[in-house]
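See structure below.
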Amino acid sequence: MQQKFLRTAVVLGLLSAIGPFAIDMYLPALPTIGQDLGATTAAVQMSLLVFFLSMGFGQIVVGPLSDMYGRRAPLLFGLGLFIAGSIGSALAPTIEWLIAFRFLQGLGACAGMVVPRAIVRDLHTGNDAARLMSMLMLVFSVSPILAPLTGSVVIEAFGWRAVFWTVMVAALIAVALLVTSLSETRSPDDRAGSSMGSALAGYGLLLKDGNFLGLTFIGGFGIASFFVYLANSSFILIDHYGLSPSVYSLFFSVNAVAFIGMSQFTGRLADRFGLRRLVRVAVTGYATTMVVLFAATAAGSDSLAVMAVLLFIGYGFLGLVIPTTSVLAMEEHGQIAGTASALMGTLHFATGAAAMGLSGLVFNGLPLPMIAGIAACAVIAFTIAQFTLGRRRAAEVPAE
C-alpha cells in the first residue's frame, strides 16, 4: 500500500511539474532572449505572463472535462498541446511568435496543474490527502531546484532555444508515465452525472462558498508572492547584484529547498494540531517574515544575504500553507473535485498573474518593488486567513 501511495505521488508530481519546469528552466534565459530577439524587458516578461494566464484560465475548461470524461484523457490531450507549443517556441523567429507559442504551451500545461489535485481528492480525504499532497509537492518542487540549474547549463551550452526542446522531452516522458503507471480514478458511474451544465452549477456553488474561496485565496496570494519573485528575480539578481546565470539558479533553488523541506512535515503536524490551526500558524509566520524583509529593504538595506535568509524562512512557512489550504478547500467537494480543482487553480493563477502584472508596472531594476509586492501578497493572505479560519474554529478537531 505504501509503495502504491509513493508511486502515485511520484507520477502526479511529475505531471504537475511539467508546467513549472517550463517556467523555471526559462528564467535564466530572460535577459538573453531580449537581446537575441531585440525585445524590451516588458515584452520578454509578457512571454512569461501569457504562459501563466493560459495555464491558469485553461483550467476552467479542463477541470469539468476531467469530471465528464475521466482524468487520463484530458491529461494526454494537454500534454500533446504542450509538446506542440514547445516545438513552436523553440523555432520562434520573433518575440511575438514566442509569446503566441508560449500561450499554446500554457494551455497544454494547465491539465497537469488541475487534474492531479482532483485525483488526490478521488483517492483520499483529510490528513491522508494532506500526506499525498505533500508528497506530490515534494516531487513537484524538485522543478524549481533542478530546472533553473538545468536551464542555465542548457542555455550556456546550446542557447535559449534548447530549453524548449528539453521541456518537450520531459513532456514525452510524462506521456509514457501516464500511459503505463496511472490508472483512471474516476469511474464511469461517477462521470454519469457530470456535464457542462453541472459544471456551471458547481462553479456557482463554489463561488458562494466562503470557506472554499477564503482557503483558495490564502493559497492564491501565497503563490502570487512567488510569481512576483519569478517575474523579477532574474533581472535583479543577474543585472543588479551581478550574479551569473548559474549562480542565480543556485540562489533560486534555495527557496525551493525551504518550501520542499517544510511541506514534508504537513501530515505529521496536521495529525498533531489539525489542518486549520496549522494554516493559521504557518501563514502568520510567512507574513511576519516578508514584512520584516520589506521593512529592512525600505530602511535602506541592499544586502543579498539578508534577502536570501528571509526569503528562505518565508517560503519555508509557505511550504506548509499551500498543500493544507488545497486539501481543506476541496474537502467538502468530492463529487465535483475536477471542477473545484479547476476553479481553485484558475483563481490561484489569476491572482498570481495580477500580482505579476502590477509588479511589472513599478519594476525599476531594484529589489524594493519586488519585495514590496511579495510582502503585500503575504499580508493579504494573512488577513484572509483571520476571517476564513477564525469563524470556523468551533468546528476544528485535532485531526481533520
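Among the candidates I33, I23, which residue alone is under 20 Å from G365 (Cβ atoms) and in a helix (DSSP H, G or I)?
Numbers: I23 fails: under 20 Å from G365 (Cβ atoms).
Selected residue: I33, the only one of I33, I23 that is under 20 Å from G365 (Cβ atoms) and in a helix (DSSP H, G or I).
Of S47, S16, which residue is of a type in the set (S, T, Y), within 19 Å of G78 (Cα to Cα) and in contact (Cβ under 8 Å) with a residue 24 or more places away in the chain?
Details: S47 fails: within 19 Å of G78 (Cα to Cα).
Going through S47, S16 in turn, the sole match is S16.
Look through the range 234-255, keep the residues that are more than 18 Å from W160 (Cα to Cα) and hydroxyl-bearing (S, T, Y), and return whichever of them is surrounded by the fewest Cβ atoms within 10 Å (Cβ to Cβ).
Per the criteria, the residue is Y241.
Cβ contacts < 9 Å: first residue without any contact (Cβ under 8 Å) to a residue 40 or more places away in the chain and farther than 20 Å from F212 by Cα, restricted to the range 264-280; second residue surrounded by 18 or more Cβ atoms within 10 Å (Cβ to Cβ) and of a type outside the set (A, V, I, L, M, F, W, C), any location; separation 6+ or different chain. Result?
R268/R131
Of the conditions (1) under 13 Å from the mean Cα position of the chain (by Cα); (2) surrounded by fewer than 21 Cβ atoms within 10 Å (Cβ to Cβ), A17 satisfies every one except a single condition; which number is it?
(2)
With respect to A372, is the statement that it is farther than 30 Å from V247 by Cβ, among the small types (G, A, S) and modelled with pLDDT of 85 or more true?
no
For a quick check of your reading of the model, give me the residue pairs whose first member lies in the range 195-224 and is assigned to a loop (DSSP other than H, G, I, E, B), whose second is among the aliphatic types (A, V, I, L, M), with beta-carbon atoms closer than 7 Å and at least 6 apart or on different chains.
As it stands, the answer is S195/M68, since those pairs meet every condition given.
Is it the case that A355 is small (G, A, S), buried (at least 24 other Cβ atoms within 10 Å of the Cβ) and under 18 Å from F51 (Cβ atoms)?
yes
With respect to G78, determine if the residue is surrounded by fewer than 21 Cβ atoms within 10 Å (Cβ to Cβ), closer than 23 Å to V11 by Cβ and of a type outside the set (A, V, I, L, M).
Values: surrounded by fewer than 21 Cβ atoms within 10 Å (Cβ to Cβ): no; closer than 23 Å to V11 by Cβ: yes; of a type outside the set (A, V, I, L, M): yes.
So G78 fails the test.
Just checking, does the range 192-203 include any residue being modelled with pLDDT of 85 or more and of a type in the set (A, V, I, L, M)? Don't jump to the end; show me each part of the working.
We begin by selecting, within the range 192-203, every residue modelled with pLDDT of 85 or more; these are 201, 203.
So of that shortlist, the ones also of a type in the set (A, V, I, L, M) come out as 201.
Taking every residue of the range 192-203 in turn, at least one turns out to be modelled with pLDDT of 85 or more and of a type in the set (A, V, I, L, M).
I'm checking my understanding of the structure. Among residues of the range 286-316 that are surrounded by 20 or more Cβ atoms within 10 Å (Cβ to Cβ) and either outside any helix (DSSP H, G or I) or in contact with a Phe, Trp or Tyr (Cβ under 6 Å, 6 or more places away or on another chain) (or both), which one is modelled with the lowest pLDDT?
Filtering the range 286-316 for residues that are surrounded by 20 or more Cβ atoms within 10 Å (Cβ to Cβ) and either outside any helix (DSSP H, G or I) or in contact with a Phe, Trp or Tyr (Cβ under 6 Å, 6 or more places away or on another chain) (or both), the one modelled with the lowest pLDDT comes out as Y315.
Restricting attention to the range 301-354, report how many residues are closer than 29 Å to L368 by Cβ, of a type outside the set (V, I, T) and either touching a helix residue (DSSP H, G or I) at 6+ places or on another chain (Cβ under 6 Å) or touching a residue at least 12 places away in the same chain (Cβ under 8 Å) (or both). Please lay out each step first, then the result.
Step one: filter the range 301-354 for residues closer than 29 Å to L368 by Cβ, giving 301-322, 325, 347-354.
Checking which are of a type outside the set (V, I, T) leaves us with 301-305, 307-308, 310-312, 314-320, 347-350, 352-354.
Retained after the next criterion (residues that are either touching a helix residue (DSSP H, G or I) at 6+ places or on another chain (Cβ under 6 Å) or touching a residue at least 12 places away in the same chain (Cβ under 8 Å) (or both)): 302, 304, 307-308, 310-312, 314-320, 347-350, 352-354.
The total comes to 21.
How about the range 62-179: which helices (runs of 4 or more DSSP H) wholly inside it have at least 2 residues that are modelled with pLDDT under 85 and over 17 Å from the mean Cα position of the chain (by Cα)? I'd like the intermediate steps shown before the answer.
On the way: elements: 72-91, 95-123, 126-140, 142-158.
Ranges flagged: 95-123, 126-140, 142-158.
It is to be established whether one or more residues within the range 256-267 are in contact with a helix residue (DSSP H, G or I) (Cβ under 7 Å, 6 or more places away or on another chain), modelled with pLDDT of 85 or more, in a helix (DSSP H, G or I) and crowded, with 22+ Cβ neighbours inside 10 Å.
No, every residue in the range 256-267 fails to be in contact with a helix residue (DSSP H, G or I) (Cβ under 7 Å, 6 or more places away or on another chain), modelled with pLDDT of 85 or more, in a helix (DSSP H, G or I) and crowded, with 22+ Cβ neighbours inside 10 Å.
Considering only the range 180-194, state which residues are surrounded by 12 or more Cβ atoms within 10 Å (Cβ to Cβ) and either among the β-branched types (V, I, T) or assigned to a helix (DSSP H, G or I) (or both).
Narrowing the range 180-194 to residues surrounded by 12 or more Cβ atoms within 10 Å (Cβ to Cβ): 181-182, 184-186, 190-191, 194.
Listed by number, the residues that qualify are S181, T185, D190, R191.
The values are calculated or read from the model by the stated rules, or taken from the named source; none is laboratory data. The shown structure was predicted, so the numbers you read here are calculated from the model rather than taken from an experiment. Glycine also receives a Cβ, built like all others from the backbone with ideal geometry; neighbour counts cover every protein chain displayed.
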